[in-house]
Amino acid sequence: MPDASLPNSSLPSASLPDASLPDASLPNASLQAEFRHPLLVQIYDAESTWGRDDDLFLTLVDEAPAETPGGARVLDLGCGTGRLTLALAAAGHTVTGVDPARASLAAARAKPGAERVSWVEGTSSDLSDNPPGPDASYDVAVMTAHVAQFFVEDDEWARTLADLRRALVPGGRLVFESRDPADRRWERWNPVDSRHHVTLPDGRTVEVWTEGTEVTEFRNGGCTVTFTHHYAFPPPAEQRESQHVDRATVPREELLSTATLRFRTETEIRDSLRTAGFTVDRIHGGWRREPVGAGDGEFIVIATAAPETPAHHPTHPASPLSPIP
């Protein structure tokens, strides 16, 4: 599996970018391109293999109470290319996978067993427009691969939690993870520590590294981190094999994917869940259910939907966030 310290939420072999793929010269073309660009989705899939995080999420879903016999009704929000989504369906659960990235969903739909899953292109706000129904439709909701950190703004995070609370039955379970800012994981997102190679199904090897570009730390201990994934592809085969070309001078094709993540403190997470109508059952610090601060630098959150949805959802944090000068 890829280095768990790197930020991340399969297609048939693809060629290098051409006119049919997103134009890298367009504004914002690199924004979360790892989920939107078909070739980068293929790389994401190749390096995102099953790991301890998947084992724990699958166990936590299996442990959750269900209103119907034979498995839980599960919502996988930000399902990506469907690694856990498909495993949940194979385990006998009724699963809906939701993701706004069309290329990621295309990869998920192409995998064996995809017919067992209801796939929805959209966000939590689209749940009411898709089966199994608008409210109280799910026993469990999960957000994996640090999807929760992509909701950078507090308003967006609050709306997402409110949508999830409405989608869950009273007593339903919400499970997600978010990196502990005290672990300062982003300090390892540099070209030296993060550099690795990914082999694609067609045999090509891609050099990949991550570079943090901006960190805004808040007085409450949280922060936002902006980073760029770099993907360096080998030159075309005809150039590599030509006897008339100096291989050392052949340029490599490079694509970029940029994103910003929010690192919330444990207090922020607990407060936002309480405001949205959840009670926090427990928070683990690692994939073996270690306590916070003694595991893998994670907040692995298990929360329960309260019996009634609050009538009002404040969209601002309880205490103002001010950057450290």
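A short reminder: the numbers here are calculations on the coordinates, not readings from a lab. In this text the structure is predicted, and so the values were computed from the model without any measurement. Note that we place each Cβ from the backbone using ideal geometry, even for glycine, and neighbour counts take in every protein chain shown.
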statement: Scoring only Lys, Arg, Asp and Glu (+1, +1, -1, -1) among other residues with Cβ under 10 Å from the Cβ of GLU298 yields -4
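Would you list TYR138, TYR231, TYR44 from fewest to most Cβ contacts within 10 Å? If you can, show how the numbers build up before the last one.
Values: TYR138 29, TYR231 21, TYR44 26.
The fewest-first ordering by Cβ neighbours comes to TYR231, TYR44, TYR138.
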- prompt: Looking at segment 168-223, which trypsin sites (Lys or Arg not before Pro) are in a loop (DSSP not H, G, I, E or B) and have at most 15 other Cβ atoms within 10 Å?
  reply: ARG184, ARG195, ARG204, ARG219
- prompt: How large is ³J(HN,Hα) for each residue in segment 177-185, as worked out from phi by the Karplus curve 6.51 cos²θ - 1.76 cosθ + 1.60 (θ = phi - 60°), to whole Hz, x for Gly and Pro?
  reply: 10, 8, 5, 6, x, 5, 6, 6, 4
- prompt: Whole-Å semi-axes of segment 101-242's equivalent ellipsoid, largest first, each the root of 5 times a Cα gyration tensor eigenvalue?
  reply: 34, 25, 12
field: Low-density loop cleavage sites - trypsin sites (Lys or Arg not before Pro) in segment 84-157, where at most 13 other Cβ are within 10 Å (DSSP)
entry: none
